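The numbers here are math on the coordinates, done by the rules we state, and not lab data. All figures in this text were calculated on a predicted structure; none of them were measured in a lab. Cβ atoms come from the backbone with ideal geometry, glycine included; neighbour counts cover every protein chain shown.
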Amino acid sequence: MSDFGILSVVPPLLAIALAIVTRRPMLSLFLGIWSGAIIYTESLGLGQTFEWITTAIIYDEGFHVQILLFTILLGSGVALIWRLGGALAVRNWATNRLETQRNVGLTTWILGMLMFFDDYANTAIVGSTMREISDQLRISREKLSYIVDSTAAPVATIGLSSWVAFQLSLIAGAYEDLGADGEAPTAFETFVWSIPYNTYALLAIVMVGIIVYTGRDFGEMLDAEHRAWQTGKVNREDAQPLQEVEKDLGQPIEKQPMLRTFFAPVVVLVAVTLAGAFWTGYDAWVDEQAEEGAPTALDAAVAEDGTLQVLVDIVGAGDFAGALVWGSFAMVATAIAIGVVYDLFDLGDGVDTVLDGFRLMITAVTILVLAWTITEVAEVLETGEFVAGFVGEAIPLELLPIAVLFVAAFVAFTMGSSWATMGIVTPIAIQVTYELTGTFDMMPVIVGAVFSGAIFGDHTSPISDTSVLSSTFTGADLIDHVRTQLYYAGTVMLVVVGCYLLYGYLSVPPIVFVPMGALALVGLVYGLSEFDARRRGVEPKASSVDSPLEDGDSSSRSDSGTDLDE
C-alpha cells in the first residue's frame, strides 16, 4: 500500500481532468506534476518543490533520451519526405487505387498490423503514410488517429516485439519471487497461453476492422466524421493539432514526385531498426548464455529450447530504443541523399529541412517529457501500489480476472503508461493469484487481464505517450483523439468483461468467448450507431449523406490540409 494513501491518485487524476476540460494538455500535465511534487515534498517549501520537479523531469536511465532522439529525427524524416514530394506522390498513387473511405481505412488497419515490432514506429510510419490520402477522402483526423492508436499497442503486445520481451521478463521475475521454480511453467509458456486472455488487445484490433468496414460511428466520432464529410474540415475549427506539416513546411517540391522518395526512407527505417535490434539482441543473448553455461551456438540453443523461444530471447535482449535512433537517423540520411542525387535540393536545403523537422516536433516532445514526468510522480507516490492494494482475498475467484483488469486499467489511466502499469501490477497479480489458488493454472488468465487493462487505460488516458504520438503523426488534436476513441475503447472493454464473466462462471474457453465477443462488437456497433444517429438527427454512416464537396470539389485542399473547402 502507498504511504501517501488516497493522495497518491490526486496528481494524475487532476492532470487528466484538466486536460479533458481545458483541452490544454501541457498546462494540465504541469499542474498535475506540481501538485504531486507538493504532496511528495510536503513541508520542505516552494523552493524544494521546484527543485524536485526539475530532478523528476531530467531523471532518466537513457531510454527516454533515446525515444526523444528517435521522435525528433522522425520528425525530420517526415519533413524531408514532405518537402521532396513523397507524400504528394503517395497521394497521387493512392487516389487512383484507394477510391473509398473504406479502402483507405482498411489499408491503414492492415499497415498497422504489419508494423508489429514497435508501437512508436508503428504510429509514426502508418500515421504519416496515410494522412494525406485520408484527408483527400475527407476522413476526420480523429478517425485516422483512432485507427492508428488502437492497432499499434494491441498488435505490439502479441507480436514479436520489445513489448513481448518486456512482458516475458515480468512473468519470469514474478515466478522467481514466488520461489516456485520447480512447479512453475516457463514464462514463455505462460505468455503464449495468455494471448487469448489478452482479450482487449484482440478485440480492439477487431473493433477497428468493424468500424472501418461498416463505416458506422457513434459518440463524438460520429460528429467528427459528419463534420469532415460535409464541410471538408478534417479537424474541428478550434483544434490544436500536435503536428501541422503543411503549415510549418509550406508547399512540397512538385518538380518530380516519386514513390521512392516516400518508401525508400521508410524501408530504411524499418530495416535498420530491426537489424539493430537483432544485432544488439544477439550479442547480449550470447553473453547471457555464456554466463549461465548454456549453449551459445544458435543451432544448439534451438535444438534445446526451440526456434521461437530463442528468437524471442534474442529480441528481448535487444536495444530497441537505440535501434530506433539508428533507424531514424538512417531514414533522414536516405531522404537527404535522394534529394541531392535527384537534384531536388542541395545539402544546405536538406539540413534546413531537418531543422524544420526538429521544430515540428517541439510540442510533441514537450508533452512526452511532461507525460513521463507525471509517471515518475505516480511512481514515487506509489499510485500503482495503492490502487493494486484493493485486490485481495475479498474478491471471489470467479471475479478475480475482472478485478485485475479494472485495477490495471485504472493504474494505466492515471499513470499514462501501459509499460509502467504492467511493471507494477503483473508481479502483484501473480502473487495474489498464487496465494488464493496455490497453483499456476490461472496465471495465463491473470497475465492476460493485466495486459488487457494496461492497454485499455493507455488508450483512454490523455497523458499516454502512445496517444501523444498517434495524435502527432496523424495531425490530430490530442484531446479530441482521446475523447473520440474513448467510446470505442469503452465498448470493447464492456465486451471483455462479458467474456471474463463467461469464463469465470461458466468455464467458457477463449476459443469460444473471443469469437462471441467479436460478434457482440458487430451487434453493438450497429445498435449504438443507429441509436446515437437517431438521437443526434444524423445518419450512422457519414459518407451516406450527400456532401457539398462531392460535385467536382472532393480533391480541393488548402495548404494546411485541415480545411478541404477553403
Modelled label-to-label distance, R535 and L311, 7 Å Cα→beta-carbon offset: nm?
4.6
Using a cut-off of 13 Å between beta-carbons, work out the net charge of the residues near A489 (Lys and Arg +1, Asp and Glu -1, A489 not included).
-2
(i) -0.21, -1.04, -1.41; (ii) -0.39, -1.12, -1.38; (iii) -0.18, -0.90, -1.28, with the label sought being that of the calculated log10 I(q)/I(0) by the Debye sum over Cα atoms at q = 0.05, 0.11, 0.13 Å⁻¹
(i)
Remind me, relative contact order of the chain in percent, using alpha carbon pairs under 8 angstrom and six or more residues apart?
27
May I ask for the angle, rounded to the nearest 10°, between helix 101-114 and the longest principal axis of the chain, with both axes built from Cα atoms and the value confined to 0 to 90°?
40
14 Å beta-carbon shell around V212, net charge (K/R +1, D/E -1)
0
The answer for the net charge of residues other than Y526 whose Cβ lies under 12 angstrom from its Cβ, with Lys and Arg +1 and Asp and Glu -1, is -1
Going from the fewest other Cβ atoms within 10 Å to the most, one would list R141, R216 as R216, R141
